[in-house]
Amino acid sequence: GENVEQHPSTLSVQEGDSAVIKCTYSDSASNYFPWYKQELGKRPQLIIDIRSNVGEKKDQRIAVTLNKTAKHFSLHITETQPEDSAVYFCAAKGVSGTYKYIFGTGTRLKVLA
Amino acid sequence: EAGVAQSPRYKIIEKRQSVAFWCNPISGHATLYWYQQILGQGPKLLIQFQNNGVVDDSQLPKDRFSAERLKGVDSTLKIQPAKLEDSAVYLCASSFGDGTGELFFGEGSRLTVL
């Protein structure tokens, strides 16, 4: 079945450094790739997304890259801050409502002050 | 705009008891999802509705889980009888239209089965 693998499961970086989280998906029909941030005890919230017709998208300190040929996409956070500490989930979804979101297993990011 | 509302936030029950969770999606969102999030894992889809019809329930353990969205607005997820492995956060999410847009999650209902 469809699967999304996410690495690493935990990541610790010093404040100001960059963090990279990688995901690989199995369903070639996937064309929408969101990233969610979930702080402890709170709901997941969308932080950035990318569709298959672009290779990269950036929003201030956050960027996402997509390689459809290799079926992988990555989240890049630059100049990390303590408030970036959270669990990050990637997801992949197909073109219509009948395709379900498949989530990765999550990456716990710790930004050390 | 108001977000996705869920209740109760927390529930503790003993195994073999029953429990129900309620979700009210964002107004106008036709697609509603129930996810199960076990500690340390990503959300796993249990059931997806579009309006009051089921789009996908392939991962719903139908011998003990049921869900309905009778009027195409709010939804109820029921577990009967509960097992220890059902301990998780049950997240409701909604999206506009046919589900191709952004998912908006509720705060979740944390279930502990003793």
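Computed from phi, the 3J(HN,Hα) profile of the stretch A:24-33 under the Karplus parametrisation 6.51, -1.76, 1.60 (θ = phi - 60°) reads 10, 10, 9, 8, 5, 7, 5, 9, 9, 9 Hz, with x in place of Gly and Pro. Using C-alpha pairs under 8 Å with a sequence gap of at least 6, the mean separation divided by the residue count of chain A gives a relative contact order of 37 percent. Considering only B:3, B:24, B:81, and ranking their Cα positions along the charge dipole of chain B that arises from unit charges at the beta-carbon of Lys, Arg, Asp and Glu, the one farthest toward the positive end is B:81. For chain B, the calculated P(r), taken from all Cα-Cα distances in 10 Å bins from zero up to the bin holding the longest distance, is 16, 51, 29, 5 percent. Here the 3J(HN,Hα) profile of the stretch A:66-71, calculated from phi with Karplus coefficients 6.51, -1.76 and 1.60 at θ = phi - 60°, is 10, 10, 5, 5, 8, 6 Hz, Gly and Pro shown as x.
One chain, two ends: residue B:78 and residue B:44. Fully extended at 0.36 nm per residue, the span grows by 10.6 nm beyond their Cα-Cα distance. Using the Cβ-Cβ distance between residue A:110 and residue A:59 with R0 = 25 Å, the FRET efficiency computed as 1/(1 + (r/R0)^6) comes to roughly 0.70. The listed peptides A:7-16, A:83-92, ordered by packing as a protection proxy, come out as A:83-92, A:7-16 (highest mean of other Cβ atoms within 10 Å first). Ordering A:63, A:45, A:75 by the projection of their Cα atoms onto the charge dipole of the stretch A:37-79, which places +1 on the Cβ of Lys and Arg and -1 on the Cβ of Asp and Glu, puts A:45 at the extreme positive end. Extension gain, residue A:28 to residue A:3, is 7.9 nm, computed as 0.36 nm per intervening residue step minus the present C-alpha separation. Enclosing the Cα atoms of the stretch A:20-75 in their convex hull gives a volume equal to 91 cubic angstrom per residue. Work out, in µm²/s and without decimals, the Stokes-Einstein translational diffusion coefficient of the protein assembly as shown at 37 °C, 0.692 mPa s, Rh from Kirkwood over C-alpha pairs. Once the numbers are plugged in, D ends up at 182 µm²/s.
Taking all C-alpha pairs of chain A, those more than 22 Å from each other amount to 27 percent. Residue by residue along A:10-17, Cβ atoms of other protein chains within 10 Å of the local Cβ number 0 on average. Tell me, what is the percent relative contact order of chain B, built from C-alpha pairs under 8 Å that lie six or more residues apart? After rounding, I find 37 percent. Springs join every pair of Cα atoms under 10 Å in this Gaussian network model of chain A, and among A:69, A:78, A:24 the largest mean-square fluctuation is at A:69. The mean number of partner chain beta-carbon atoms within 10 angstrom of a residue's beta-carbon across peptide A:101-111 is 3. Phi angles of the stretch B:13-30 translate, via the Karplus equation with coefficients 6.51, -1.76, 1.60 and θ = phi - 60°, into HN-Hα couplings of 9, 9, 4, 6, 7, 10, 8, 9, 10, 10, 9, 10, x, 5, 4, x, 7, 7 Hz per residue; Gly and Pro are given as x.
Rule-based calculations on the coordinates, nothing more; no lab input. Predicted model, so just to flag it, every value in this text is computed and none were measured. Ideal geometry is used to build each Cβ from the backbone, glycine not excepted, and the neighbour counts take in all protein chains shown.
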